[in-house]
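Just so it is clear, none of the values below were taken in a lab; they were calculated from the coordinates. Keep in mind it's a predicted model, so treat the numbers as computed, not measured. No Cβ is skipped: glycine too gets one built from the backbone with ideal geometry, and neighbour counts run over all protein chains shown.
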Ligand code: NAD
């Protein structure tokens, strides 16, 4: 029986690593109602029962391949897929005015601009990382970068993820870089060094550097280093289970229900905005 008070959630990319975590989180949440889940056209998962996908009881809802159904029925569509799927989901969110929670990383600058434009008419929540810890870290990094003079302190962001991750540096590493740049009142694009090799020359003052490691099943580790002379500050976060991202995302999805158009992030959800 449908309960109008329940928050109706749809999940794109439901058979993916995050998709399955999100599905389990929604099924376990008494405030949520699952309206469906999709995969790409031609996926071997299409047609399978959503409950069986995660070892739960049969739900009688099959994995679909038409995201329009989700955007029509859901209060919020939760989307952790691939950048190539983002454009169609953005179009559907805008067409139906459905709240859209976007966790996909590795988007192009053009896609980011389109998302910002669409948020003028549609509620969109976008975050490179949905964990509470990382969102606190963003604030700490901004504060440290503002306090430490750039001529004396070099900022380097190091991240590690599992060997199936397809983009680098991670969206979270870039978000930490942006937080550091904001602390210094500069644009990250103007000071970033996303990777290094060969004869690089000496490190320019004010540069914000990134280093990436990939291996095993690491859920996500980030460390922001502030190198001074004869001293170093290290602030970091380690995720040992991707369930934290799913839990944070569904918490945020519930927060989104009934919100007006806007471009929200986790700082808004957690009430950490200035
Ligand atoms: P994954 O490859 O395991 O899952 C992606 C899923 O999307 C796959 O099942 C794939 O078949 C599906 N998919 C692809 N195209 C689709 C389409 N057109 N329609 C529907 N489904 C489609 O990847 P993952 O580890 O789950 O990560 C997914 C994304 O989420 C990545 O960009 C990753 O960086 C990001 N991520 C973000 C956070 C965060 O907190 N923001 C945390 C973890 C992962």
Calculate, in nm to one decimal, what residue 213 and residue 232 gain on full extension: separation in residues at 0.36 nm each, minus their alpha carbon distance.
-> 4.7 nm
Pull out a ≥ b ≥ c, the square roots of the eigenvalues of the alpha-carbon gyration tensor of the chain, then state rounded if a/c is under 1.5, prolate if not and a/b is larger than b/c, and oblate in the remaining case.
-> prolate
Estimated Rh, segment 58-101: Kirkwood, alpha-carbon pairs, angstrom = 11.0
Note to self: C-alpha centroids of segment 225-274 and segment 59-125 sit apart, in Å, by 20
Over segment 92-173, the quotient of the Cα radius of gyration and 2.2 N^0.38 Å is 1.37
For all pairs of alpha-carbon atoms in segment 75-219, what percent lies in each bin of width 5 Å, listed from the first bin to the last filled one?
-> 2, 9, 16, 18, 18, 16, 12, 6, 3, 1, 0
Would you mind classifying segment 180-274 by shape? Square roots of the alpha carbon gyration tensor eigenvalues, ordered a ≥ b ≥ c; an a/c under 1.5 is rounded, otherwise it is prolate if a/b is larger than b/c and oblate if not.
-> prolate
Cα centroids of segment 168-197 and segment 3-57: how far apart, whole angstrom?
-> 34
Alpha-carbon spread of segment 41-154, three principal axes, descending order, Å | 60, 34, 24
Pop the C-beta distance of residue 43 and residue 121 into the FRET formula with R0 = 35 Å and round what comes out to the nearest 0.05.
-> 0.70
Potential lengthening between residue 66 and residue 263 on full extension [0.36 nm per residue; Cα-Cα distance subtracted] | 68.4 nm
Calculate the spin-label point distance for residue 87 paired with residue 113, positioning each point 7 Å from the Cα along the beta-carbon direction, and give it in nanometres.
-> 1.5
On a 0 to 90 degree scale, rounded to 10, what angle separates helix 17-27 from the longest Cα axis of the chain?
-> 50
Treating the angle as unsigned and between 0 and 90°, give the value, to the nearest 10°, between the Cα long axis of helix 109-118 and the longest Cα principal axis of the chain.
-> 50
Taking Cα atoms, the helix 243-256 axis meets the longest principal axis of the chain at an angle in degrees (rounded to 10) of 70
In deg cm²/dmol, rounded to the nearest 500, the helical mean residue ellipticity at 222 nm of the chain, built from -39500 (n - 2.57) for every DSSP H run of length 4 or more, is -10500 deg cm²/dmol
Rounded to the nearest 0.05, FRET efficiency between residue 243 and residue 273 (Cβ-Cβ, R0 25 Å) equals 0.45
For the chain, percent of DSSP beta bridges that are antiparallel (nearest 5) comes out at 35
Whether segment 223-274 is rounded, prolate or oblate, judged on the alpha carbon gyration tensor where a/c under 1.5 counts as rounded | oblate
Among 243-254, 27-38, the order from most to least packed when residues are scored by Cβ within 10 Å on average = 243-254, 27-38
Across 5 Å bins from 0, what is the distribution of all Cα-Cα pair distances for segment 135-234, in whole percents?
-> 3, 13, 25, 24, 19, 11, 5, 1
